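A short reminder: the numbers here are calculations on the coordinates, not readings from a lab. Please read all numbers here as calculations on a predicted model, not as lab measurements. Backbone-built Cβ (ideal geometry, glycine too); neighbour counts: all protein chains shown.
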Amino acid sequence: MTAPINPPDLDTALKSLWGASQLPFGAAVEKPYASDTFKETRRRLEQLVAVRACGLLHGPNGVGKTLLVQHFLKSLPDKRYKPLVLSHSSVTGTDLLRLLCMELGQTARMRRSDNVLSIRQGWQQLDRLWPVVVLDEAQNLSATALEEVRLLSCDRRDTQPPFSLLLVGDEQLLPRLMMGINAPLLARLSFCLRLQPWTAEELSGYVQARLQEVGIHADPFDAAALQLLLQAGNGSPRLVNHLAQRALEEAAAQNSRAITAAHVQRALELLPWVAQLAT
């Protein structure tokens with residue numbers, strides 16, 4: 001009796017089936033896909049920070065907000081700006097002050113007044129560097145944390161804030177800020193940018209760019225598979241990443257160079273919450 005032929009492992013299949021140097025749609029591919037929306041939003045952020053504005057960036061989960069902000073901050077000249085990123089946004093107001101102290105190289109203390117003084121000293125020690133404070137997942141900020149952000153933003157004798165503030169969050173962020181209790185903070189913000197769900201054309205370009213980045217120049221997705229992938233992606237490159245990885249693994253397990261709609265359908269079965277979003 002002939003022994004069954006085991007499918008090649010994924011690394012071998014990537015090279016033998018598609019000539020890929022590494023797994024596409026994963027963390028190994030670090031270069032962002034510079035869609036028109038990506039480039040325009042980054043340009044707007046650079047422009048707004050240059051005039052020392054404060055505001056927010058929001059949009060659905062998975063559309064690339066955090067990645068965009070990371071590359072925006074990397075683009076800022078390090079001789080002019082000092083980025084300070086706080087991603088633990090569910091902390092209390094007291095914790096936020098301590099975290100900001102540590103980001104500024106100051107010793108965090110127990111009393112609020114001591115931490116506020118340390119933050120003031122931290123601004124002064126930056127000299128000519130303009131601080132850009134980014135609060136990621138800002139929709140989770142507590143009421144006390146939002147109030148501390150407001151108080152910090154008006155902690156100068158003139159009318160200008162001592163830093164540029166960028167609140168980054170999902171679709172809950174703007175409704176949260178528009179609650180009456182947050183009106184004083186909202187009045188200090190001067191812009192609101194939204195990342196929309198990606199169009200099918202943008203997602204298609206994204207898929208091709210991710211494949212080419214790892215050396216796959218002949219599209220392995222057949223027409224029906226690509227259509228299903230883009231439809232199920234629901235405007236989110238993060239969802240496309242997950243689905244495309246699972247579909248590629250299914251094709252590799254079958255030693256199939258072509259990725260078919262059946263492979264994408266199997267990927268949807270492995271990610272039932274994605275299938276529900278696509279309906």
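A few comments on the model shown:
- Along the chain, counting only GluC sites (Glu not before Pro) with a DSSP assignment other than H, G, I, E or B and at most 16 other Cβ atoms inside a 10 Å radius, the longest segment between sites is 31-170.
- Taking only the C-alpha atoms of the range 154-279, Rg followed by Dmax gives 21.0, 68 Å.
- Within the chain, helix-based [θ] at 222 nm, where runs of 4 or more DSSP H residues each add -39,500 (n - 2.57), nearest 500: -15000 deg cm²/dmol
- Cross-link reach is defined here as a Cα-Cα straight distance under 17 Å, omitting same-chain residues fewer than 8 places apart; for residue 79 the aspartates and glutamates meeting it are 46, 127.
- Computed from backbone phi, the HN-Hα couplings of the range 210-217 come to 5, 5, 5, 4, 9, x, 9, 9 Hz, rounded to whole numbers (Karplus: 6.51 cos²θ - 1.76 cosθ + 1.60, θ = phi - 60°; Gly and Pro given as x).
- FRET efficiency for residue 88 and residue 67, using Cβ-Cβ distance with R0 set to 22 Å, rounded to 0.05: 0.70
- Between amide H atoms placed 1.01 Å from N, distances below 5 Å from residue 194 occur with 58, all of them 5 or more places distant or on a separate chain.
- Antiparallel bridge percentage (DSSP; both residues within the chain; nearest 5): 0 percent
- For residue 81, the residues whose amide H sits under 5 Å from its own are 130, ignoring neighbours fewer than 5 places away on the same chain, with H placed 1.01 Å from N.
- Anchor residue 15: lysines whose Cα lies under 29 Å away (excluding residues fewer than 8 positions away in-chain): 31
- Under a 5 Å amide H cut-off, with hydrogens placed 1.01 Å from N, residue 134 pairs with 84, 85, 86, 166 among residues at least 5 apart or on other chains.
- Phi-derived couplings, Karplus 6.51 cos²θ - 1.76 cosθ + 1.60 at θ = phi - 60°, listed residue by residue for the range 140-150: 9, 4, 6, 4, 5, 5, 4, 5, 5, 4, 4 Hz, with x used for Gly and Pro.
- Bridgeable aspartates and glutamates around residue 65 (alpha carbons under 12 Å apart, same-chain partners fewer than 8 residues away excluded): 136, 137, 170, 171.
- Derived scalar couplings between HN and Hα for the range 91-100 equal 6, 6, x, 5, 5, 4, 4, 5, 4, 5 Hz in order, rounded to whole Hz, by the Karplus curve 6.51 cos²θ - 1.76 cosθ + 1.60 (θ = phi - 60°), x for Gly and Pro.
- Alpha-carbon centroids, the range 12-87 and the range 216-279: separation in whole Å: 24 Å
- Of 108, 244, 218, the one that fluctuates the most in a GNM where the chain has Cα springs shorter than 10 Å: 218
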